[in-house]
1. If I take every Cα pair under 8 Å that is 6 or more residues apart in the range 11-120, average their sequence separation and divide by the length, what percent do I get for the relative contact order?
2. Count the lysine pairs in the chain whose Cα atoms lie under 22 Å apart, taking only pairs 8 or more positions apart in sequence or on different chains.
3. What list do you get for Glu24, Glu10, Glu92, Glu115 if you sort them by fewest beta carbons within 10 Å?
4. Estimate the FRET efficiency between Gln77 and Ser2 by the formula 1/(1 + (r/R0)^6), using the beta-carbon distance for r and 41 Å for R0, to the nearest 0.05.
5. May I ask you to sort Phe5, Phe103 by Cβ crowding, counting other Cβ atoms within 10 Å and putting the fewest first?
6. If one puts a single equal scatterer on every Cα of the chain and applies the Debye formula without solvent, what log₁₀ I(q)/I(0) results at q = 0.09, 0.16, 0.20 Å⁻¹?
Amino acid sequence: MSRYFKAAQESPTFLAGDATLLQEIAHPLKDNWPIGYSLAKAQLDVGQSSLPHRLKSSELYYVISGAASIFIDGQEQALQAGDCCLVPAQAEQYVQQKGDQPFHFLCIVEPYWQENDEDIL
């Protein structure tokens, strides 16, 4: 198998510091891939919100399914399937699930996510 392939079961799901359920799909340090970003699939179940936090990196969210509101530096934006949203580096942010279905989204972090670059507020 190619060294640039990773099966879904190779990416365990874990609870991130901001209380979002994450599956880290691609990370240059863990996968030894020549990329400068990381990619994760995130989930918030019905009634859940992530904790307010900041990252030193920028994040790009792509909504797979469900609905939510994202709060970036105090500004609220509704999100639904197919939407894309940029969270600038150092912006205070959190996501609040809306509706009766879990909220699923992809998150690209550039430069790649590192735990010590995240501040939970």
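Each reported figure results from applying straightforward, stated rules to the coordinates on display, with no laboratory input. Because the structure is a prediction, the values reported are computed rather than measured. All Cβ positions, glycine included, derive from the backbone under ideal geometry; neighbour counts span all protein chains shown.
1. Details: 289 pairs, mean separation 36.3, N = 110.
Contact order relative to length: 33 percent.
2. 6
3. Least crowded to most crowded, the residues run Glu115, Glu10, Glu92, Glu24.
4. Values: r = 38 Å, r/R0 = 0.93.
With R0 = 41 Å, the Cβ-Cβ based efficiency is 0.60.
5. Phe5, Phe103
6. Here log10 of I(q) over I(0) equals -0.23, -0.73, -1.14.
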